[in-house]
Amino acid sequence: MNTQHAHHHDHPHVHSATEAHGSHGHRGRKLLFAFALTVLTMVAEAVGGVWSGSLALLADAGHMMVDALALLLAFVGAWMATRPADARRSYGYGRMEVLVGFVNALSQFVLVGWIIYEAVVRLLHPGPILSGVMLVVAIGGLLVNTLLLRTLHGHAHDDVNMAGASLHVLGDLLGSVAAVLAALAIRWFGWLWADPLLSLLVSLLILASAWRLLRLSAHILLEGVPDGMDSEVVEVSLRDADASIRNIHHLHVWQLASGSRMATLHAELYEHADAAKALLSIKQMLLERFEIQHVTVQIDPGDCLDQGEDCAGHGHP
């Protein structure tokens, strides 16, 4: 084995720029379509809510106003992700999608706070509601939101940008369902309290989904180990990847953006070992078993060369 201290950067199974641009471009078109329909539905529900006096419609319209901005941000995030790496951002702009998902989740908390406040006021001081107008508008919103959710459905589980957009549309869909049920309750039974009460229940459902998205996007931004992956399991597996590997340490596994897992590590090899063969075994193990596509490996000749660090330990970014 060459005793010179060495680094090896590997980019296995990286899609071409054209493939990446096509994937993000397809998502961008979906988001732009969702944005246009959301704006149209928002205007219809706002007018219908003022006309009928329904909080459920006004809350859904307010929700859709935030969602329209969120979808626009998601579109910008998908577009930014197609930009290539440059001198200032060597990893490119893929993490913009994660940042947008994080902002979208935070915006949901603000919206839920407003809905809860309005619901409490309406429960204490109910007002007249035109249930017929409310029902027609709510059904229209329900149909549009169902179409939008089907359009955005099918994103990768770790694509927080599309997940954020889908979360907003799901909230709109739940709001439309609540508005339809409230309109029927008011029309058939005269239950004016059904309008704010169902709005309150929907806001709590939105809050739970927003919290999950916030945790996921924050975890990626903090460069945590990808969900479902145990770094200790990765380390043990790498030690067994090739007979020439004596030890693995300084292992860090994180996620740049959706579908983009990365790893850096130090590999100590036995004397006279074939470094190239060990590197190939490491990259194949990480790609095939853990779907880690970007790998940076440092070969340590003998003992770890880093002074003042625990070379036997393993940490997480």
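Does Ala74 meet the test of being at pLDDT below 85, on the phi < 0 side of the Ramachandran plot and out of contact with any His (no Cβ under 9 Å at 6 or more places or on another chain)? Spelling it out, it is not the case that Ala74 is at pLDDT below 85, on the phi < 0 side of the Ramachandran plot and out of contact with any His (no Cβ under 9 Å at 6 or more places or on another chain). When Ser231 is tested against (1) in contact with a Leu (Cβ under 7 Å, 6 or more places away or on another chain); (2) closer than 19 Å to Val100 by Cβ, only condition (2) is not met. The set of residues in segment 173-203 being among the hydrophobic types (A, V, I, L, M, F, W, C), over 16 Å from Gly62 (Cβ atoms) and part of a helix (DSSP H, G or I) consists of Val177, Val180, Leu181, Ala183, Leu184, Ala185, Ile186, Trp188, Phe189, Ala194, Leu197, Leu201.
Note on segment 29-50: residues that are closer than 27 Å to Asp195 by Cα and either outside any helix (DSSP H, G or I) or within 19 Å of the chain's Cα centre (by Cα) (or both) total 2. Going by the conditions given, is Ala194 among the small types (Gly, Ala, Ser) and surrounded by fewer than 19 Cβ atoms within 10 Å (Cβ to Cβ)? Answer is no for this residue.
Can you tell me which residue is farthest from Ile186 (Cα to Cα) among those in segment 120-142 that are part of a loop (DSSP other than H, G, I, E, B) and not aliphatic (A, V, I, L, M)? Even if it seems obvious, please write down each step before you answer.
Taking segment 120-142 first, the residues part of a loop (DSSP other than H, G, I, E, B) are 125-130.
Cutting the leftovers down to not aliphatic (A, V, I, L, M) gives us 125-128.
On the way: His125: 16, Pro126: 12, Gly127: 12, Pro128: 10 Å.
Taking the candidates together, the pick is His125.
All conditions in (1) outside any helix (DSSP H, G or I); (2) in contact (Cβ under 8 Å) with a residue 24 or more places away in the chain hold for Gly228, with the sole exception of (2).
Consider Arg212 carefully, then state whether it is surrounded by fewer than 20 Cβ atoms within 10 Å (Cβ to Cβ) and in the same structural domain as Ala56 (by TED's automatic domain parsing).
On the way: surrounded by fewer than 20 Cβ atoms within 10 Å (Cβ to Cβ): yes; in the same structural domain as Ala56 (by TED's automatic domain parsing): yes.
For Arg212, the condition - surrounded by fewer than 20 Cβ atoms within 10 Å (Cβ to Cβ) and in the same structural domain as Ala56 (by TED's automatic domain parsing) - is met.
Set side by side, the residues Leu216, Leu222 differ, and just one is over 30 Å from Gly175 (Cβ atoms) and of a type in the set (A, V, I, L, M), which is Leu222.
Residues in segment 124-139 that are of a type in the set (Gly, Ala, Ser) and crowded, with 17+ Cβ neighbours inside 10 Å: Ser131, Ala138. Taking each residue of segment 268-281 that is on the phi > 0 side of the Ramachandran plot and looking for partners that are among the aliphatic types (A, V, I, L, M) and modelled with pLDDT under 90 with beta-carbon atoms closer than 6 Å, six or more apart or interchain, yields His272/Met1.
Scanning segment 63-74 turns up no residue that is out of contact with any helix residue (DSSP H, G or I) (no Cβ under 9 Å at 6 or more places or on another chain) and part of a helix (DSSP H, G or I).
When you check Val100 against the structure, is it closer than 21 Å to Arg29 by Cα and touching a Leu at 6+ places or on another chain (Cβ under 6 Å), yes or no? Considered against the rule, which asks whether it is closer than 21 Å to Arg29 by Cα and touching a Leu at 6+ places or on another chain (Cβ under 6 Å), Val100 comes out as yes.
I'd like the full set of residues that are assigned to a loop (DSSP other than H, G, I, E, B), buried (at least 20 other Cβ atoms within 10 Å of the Cβ) and aliphatic (A, V, I, L, M), limited to segment 242-293. The answer is Ile292, and nothing else.
The values are calculated or read from the model by the stated rules, or taken from the named source; none is laboratory data. What you see is a predicted model, and the numbers here were worked out from it, not measured in a lab. We place every Cβ from the backbone using ideal geometry, glycine too, and count neighbours over all the protein chains shown.
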